[in-house]
Amino acid sequence: MLGKLKTTGGELLKVKIGTYKDQGFKSVIDSDAFVAFINPTGFSFTSKIEYNIAQEQGAPGTTPKFVKVAPQALQMEFLFDGTGVTEGYSGNKLINVIKKNKFEHDTVQAQLNRFYAATGEFKGSFHKPYSVIVIWGKFEFKGALTEFTVDYKMFNKDGTPLRAIGKATFLEGISQELIAEKAKKSSPDLTHKRTVQDGDTLPLMTERIYGDSKYYLEVAKANGLVNFRQLKPGSELYFPPIEKIS
């Protein structure tokens, strides 16, 4: 798993969070704003496709209508340990012997404060959560913290938390420049060139470009296709702007 990725020196790579002012991730505040003392055991993704399932009164059923693809969400759990018994080099007995099991530890609250500061604390005139990049080895996720639940597990005699699990949800973030670029590339008002893949049909390819397969005969005519039912994989087709074929 990603938590076991090593650097060339053999040091365990830790999960870290970089903090940025802008959604384009160009104005960096601190590329190492938060570094996990203990790596998560894993993480998960949630993908969601939204449909309109409104049903007319008296109708026996409804056909879901596609609305949009929601941004991907990353769920990750962080362990905040203030007991002083969790080894910073867990699993590397040699380093622990050299350090004689003396390693730094901090209070749970201090660790949580660093996490809050890296992800969403209001500072000065910048009154909104930061954009962040979550990095773990080769894994990278750009977005912003949308939800964080802290589950306290252990306490000392005076009630001070000694261990807590933070359940974080980050929502994927894309810069406005990238959104505009993607929209331009997929716009039905521009000419598109596509390579035929195995299993492609002209109605299917037409629907991908225009959002409707009804224009496939016009596309066939624009490309001089005689037999559009047998597309040759590897061949290229042109899809004119929608106003020219509608």
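Could I have the simple spin-label model distance between residue 21 and residue 157, label points 7 Å from Cα toward Cβ, reported in nm to one decimal?
Here the answer is 4.9 nm between the modelled labels.
Enumerate the calculated ³J(HN,Hα) couplings along the range 156-166 in order (Karplus 6.51 cos²θ - 1.76 cosθ + 1.60, θ = phi - 60°), each rounded to whole Hz, writing x wherever the residue is Gly or Pro.
In residue order, the calculated couplings are 8, 5, 8, x, 5, x, 10, 7, 8, 10, x Hz.
Between residue 68 and residue 110, what's the calculated FRET efficiency when r is the beta-carbon distance and R0 is 51 Å? Round to 0.05.
On the way: r = 41 Å, r/R0 = 0.80.
Computed FRET efficiency for residue 68 and residue 110: 0.80.
Between residue 57 and residue 83, with labels modelled 7 Å along Cα→Cβ, what's the label distance in nm to one decimal, could you check?
With each label point 7 Å from Cα toward Cβ, the separation is 6.1 nm.
What is the Cα convex hull volume of the range 23-84 when expressed per residue in Å³?
Working: hull volume 11.8 nm³, N = 62.
So the per-residue hull volume is 190 Å³.
With r defined as the distance between the Cβ atoms of residue 197 and residue 169 and R0 fixed at 51 Å, what FRET efficiency is calculated, to the nearest 0.05? Please report the intermediate quantities before stating the final value.
Values: r = 35 Å, r/R0 = 0.69.
With R0 = 51 Å, the Cβ-Cβ based efficiency is 0.90.
Along each principal axis of its Cα atoms, how long is the range 190-246 end to end? Whole angstroms, biggest number first, please.
Each principal axis gives a Cα extent; for the range 190-246 these are 28, 20, 17 Å.
Rounded to the nearest 0.05, what FRET efficiency do residue 139 and residue 235 give with R0 = 45 Å and r taken as the Cβ-Cβ distance? Could you check? Walk me through the intermediate numbers first.
Working: r = 38 Å, r/R0 = 0.83.
Once the sixth-power term is evaluated, E becomes 0.75.
Tell me the label-point distance for the pair residue 150, residue 32, using the 7 Å Cα-to-Cβ offset, in nm and rounded to one decimal.
2.4
None of the figures in this text is laboratory data; all of them are computed from the coordinates on show. Since the model is a prediction, treat every value here as computed from it, not as a measurement. Cβ sites come from the backbone with ideal geometry, for glycine too, and all protein chains shown count toward neighbours.
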